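The values are calculated or read from the model by the stated rules, or taken from the named source; none is laboratory data. All values reported here derive from a predicted model rather than from experimental measurement. Here Cβ is always computed from backbone atoms with ideal geometry, including for glycine, and neighbour counts include all displayed protein chains. SASA here: full protein model, heavy atoms, side chains in, ligands and nucleic acids out. Shrake-Rupley method; radii C 1.70, N 1.55, O 1.52, S 1.80 Å.
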Amino acid sequence: MASTAVADRPASTKIATQTGDLVARWVAFIFAALVLLIVVVLVFELWQGSQPSRAKFGWGFLTSSAWNPVTEEFGALPFIYGTVITSFVALLISIPLGVGAAVFLSEMAPAGLSNALTFMVELLAAFPSVIYGLLAFLTLVPLMRSYVEPFLKRTLGFLPFFRGPAFGVGYLTASLVLAIMTFPFIISVSRESLLAVPREQREAALALGATKWETTWHIVVPYAKLGIYGSIFLGLARALGETMAVTMVIGNAPEIHASLLSPGYSIASVIANEFAEAATGVRIASLIELGLVLFCLTIIINGIARLLIIATTSKGSKRP
Amino acid sequence: MRLRWRKFVNAAMLSASGVCAVIAVSALFVILAFLVYNGSKSLDWNFFTQLPKATGEAGGGMANAIVGSLEIVGMASLMGIPIGFIAGVYLSEFDDKHFASLVRYTADLLNGVPSIIVGVLAWTLVVLPMRHFSAFSGAVALAVMLIPIVTRQTEQFLREVPMALREGSLALGASKWKMIATVAVPAGSKGILTGMILGVARIAGESAPLLFTAFNNQFWGGINEPSASLPVMIYYRAISPYDDWHRQAWAAGLALIALVLLANIAARMVLARGISVPRG
């Protein structure tokens, strides 16, 4: 009698059910559209807000190294340079460290230990960046000034990268902090993609007489390489946009130096430092245009990271 | 000879990878040790109850910053969690391929936008028209950061709910929204709640978007006035030249990190007991 029960249901219930669903669908749709709207408004505001600066400086903004609030001459080059160089040096440190640790966590450590250690490393990613800044400013900077930088000058001073007075603050200190802030991402995502490598790959290599390391380095790591690249780009995106920790240790000088010991500036730092005091006009527009540049940079890097990570996980991974 | 060399390389590289892991994990303990050592020396009752003293003067606390943070994060959660949650429900339950994947992509994009740029957005949307800094504008900035986190977490955990549960409820004659409200969301509630806790913990530590929205304040501030917050206070105290303020920065840092650790460990424990329904 089930079929008649459905048929006998009053028409009003059916309509009420359908209207309820329709309302729920539209409400949910509006909230989802809100997420889209936020990004559209963000892009619009960055474009609109930077209009005076774009009109005045054009593309020359990106290649000029002037930063003079008095004459209202602004250029982005020292900041782009600082952002890129600190992120690059940070990755030089965090890639070997992160991939090495990920190899240990996925290939050698027992599952329980590996999960516990990964949780600890991921906690590092959850720490607020001002905490990194606090620690770096009050403990790392004096350490760099008194010991590390003089040592680097004594031993590697013949290179152009380690010259000039040791201030403690500068590109190198900022890079070190960024390295600590990026390796949790590299470890976490690399480990996931290493764990997704099929067991047969390892067994085949071991059966052919390869050592554990040869298996890992020649078989497992190449198999997971897209995911590892993805993790690196993810770390890079975080490093490029990092604000507080870098602001506190980079030295805040709008200059370009080859030496990593010199103070510099980054895009995010100059926005953090000058936005509140710059009232209106070309200066604020220049800061917003710097924001636009940073936005584009991180969008591109994040996009690449996403594509790479999707590519590995869709290639027969164990993850849902 | 060749074999011995290969074994040597094997042992050397494998231990090197172990060393990398030790360095990575010890970074956590070094950071915590510094915070506990320096912070516990200066964390006292005044810190929680007193207003900041005038520049350079010893003593005082951060009561206004603690309340300010609660206020800003609370407002941000009130705005961000409902929006993020319902958007997440849409992505998981009303998936219409094109629009949903577009929203999914923009949510990820928004998640990757540096926090300082979100601050610029809140500045142009709220501070500029109102012509003054306010706790509310800071809350808007943090809400914008919270929304994509909650959206993606909600979607992810709703997707873990087995299809069979949904079908069972629909087969019994429940309408779709009723199925979502009484079956799908309760089944995924643990994970969704965890996502919200982690999201709120994350925005509670943000300072960059507050620098030129909520700004800072040495006194109590209303919703419509500039407001102090814990992370911004840490920043200004840390870069000041006074030892006593450094001491306070450490104390505030310890308080903030305790909050973050608590949220993360709580979330971990909730999730460790599994999703509310067995996966089938």
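Side notes on the structure shown:
- Of everything in region B:98-124 that is more than 7 Å from chain A (Cβ to nearest Cβ) and open to solvent by 30 Å² or more (accessible area, probe 1.4 Å), the residue that is farthest from residue B:231 (Cα to Cα) is B:98.
Yes/no matrix, rows are residues, columns are (1) under 13 Å from residue A:309 (Cα atoms); (2) open to solvent by 10 Å² or more (accessible area, probe 1.4 Å); (3) of a type outside the set (Asp, Glu); (4) touching a residue at least 60 places away in the same chain (Cβ under 8 Å):
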| position | (1), (2), (3), (4) |
| --- | --- |
| A:210 | no, yes, yes, no |
| A:218 | no, yes, yes, no |
| A:221 | no, yes, yes, yes |
| A:226 | yes, yes, yes, yes |
| A:234 | yes, yes, yes, yes |
| A:238 | no, yes, yes, no |
| A:246 | no, no, yes, yes |
| A:249 | no, no, yes, yes |
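- Close pairs from region B:211-223: first more than 25 Å from residue A:247 (Cβ to Cβ) and in a loop (DSSP other than H, G, I, E, B), partner aromatic (Phe, Trp, Tyr) and open to solvent by 20 Å² or more (accessible area, probe 1.4 Å), Cβ under 9 Å, at least 6 apart: B:223/B:136
- Failed criterion for residue B:270 (all others in (1) of a type outside the set (Phe, Trp, Tyr); (2) touching a Lys or Arg at 6+ places or on another chain (Cβ under 6 Å); (3) without any contact (Cβ under 8 Å) to a residue 40 or more places away in the chain hold): (3)
- Candidates are the residues of region B:197-210 that are part of a loop (DSSP other than H, G, I, E, B) and in contact (Cβ under 8 Å) with a residue 40 or more places away in the chain; the one that is farthest from the other protein chains (Cβ to nearest Cβ) is B:206.
- Of the residues making up region A:276-294, those that are within 22 Å of the chain's Cα centre (by Cα) and either open to solvent by less than 10 Å² (accessible area, probe 1.4 Å) or facing chain B (nearest Cβ under 9 Å) (or both) are A:287, A:288, A:290, A:291, A:292, A:294.
- Residue, surrounded by the most Cβ atoms within 10 Å (Cβ to Cβ), within region A:260-275, restricted to residues that are within 21 Å of residue B:235 (Cβ to Cβ) and touching a Ser or Thr at 6+ places or on another chain (Cβ under 8 Å): A:266
- Scanning region B:246-265 for residues that are closer than 12 Å to residue B:39 by Cα, without any contact (Cβ under 8 Å) to a residue 60 or more places away in the chain and hydrophobic (A, V, I, L, M, F, W, C) yields B:249, B:256, B:258.
- All conditions but one from (1) within 25 Å of residue B:134 (Cβ to Cβ); (2) within 20 Å of the chain's Cα centre (by Cα); (3) more than 11 Å from chain A (Cβ to nearest Cβ) apply to residue B:194; the one that does not is (1).
- The residues of region A:100-132 that are over 16 Å from the mean Cα position of the chain (by Cα), more than 7 Å from every other protein chain (Cβ to nearest Cβ) and assigned to a helix (DSSP H, G or I), listed by number, are A:102, A:106, A:107, A:111, A:112, A:113, A:114, A:115, A:116, A:118.
- Just one residue in the set B:58, B:27, B:12, B:63 is farther than 28 Å from residue B:210 by Cα and in contact with a helix residue (DSSP H, G or I) (Cβ under 9 Å, 6 or more places away or on another chain); that residue is B:12.
- Test result for residue B:185, aliphatic (A, V, I, L, M), open to solvent by less than 40 Å² (accessible area, probe 1.4 Å) and either facing chain A (nearest Cβ under 10 Å) or assigned to a helix (DSSP H, G or I) (or both): yes
- Qualifying residue in region A:58-65 (condition: surrounded by 20 or more Cβ atoms within 10 Å (Cβ to Cβ), touching a residue at least 40 places away in the same chain (Cβ under 8 Å) and outside any helix (DSSP H, G or I)): no
- Some residue of region A:194-206 being among the small types (Gly, Ala, Ser), in contact (Cβ under 8 Å) with a residue 60 or more places away in the chain, assigned by TED's automatic domain parsing to the domain that holds residue A:102 and buried (at least 24 other Cβ atoms within 10 Å of the Cβ): no
- When residue B:120 is tested against the conditions (1) in contact with a Ser or Thr (Cβ under 8 Å, 6 or more places away or on another chain); (2) within 22 Å of residue B:212 (Cβ to Cβ), the lone failure is (1).
- Those residues of region A:27-49 which are under 13 Å from residue B:100 (Cα atoms) and either open to solvent by 40 Å² or more (accessible area, probe 1.4 Å) or at the interface with chain B (Cβ under 7 Å from one of its Cβ atoms) (or both), in sequence order: A:28, A:29, A:30, A:31, A:32, A:34, A:35, A:36
- Of the residues examined, residue B:278 is not one that is more than 20 Å from residue B:199 (Cα to Cα), at pLDDT 80 or above and either open to solvent by 10 Å² or more (accessible area, probe 1.4 Å) or in contact with a His (Cβ under 7 Å, 6 or more places away or on another chain) (or both).
- Boolean, residue B:62 is farther than 22 Å from residue B:258 by Cβ and either buried (at least 17 other Cβ atoms within 10 Å of the Cβ) or in contact (Cβ under 8 Å) with a residue 24 or more places away in the chain (or both): no
- Number of the condition not met by residue B:51 [criteria: (1) closer than 30 Å to residue A:123 by Cβ; (2) in contact with a strand residue (DSSP E or B) (Cβ under 8 Å, 6 or more places away or on another chain)]: (1)
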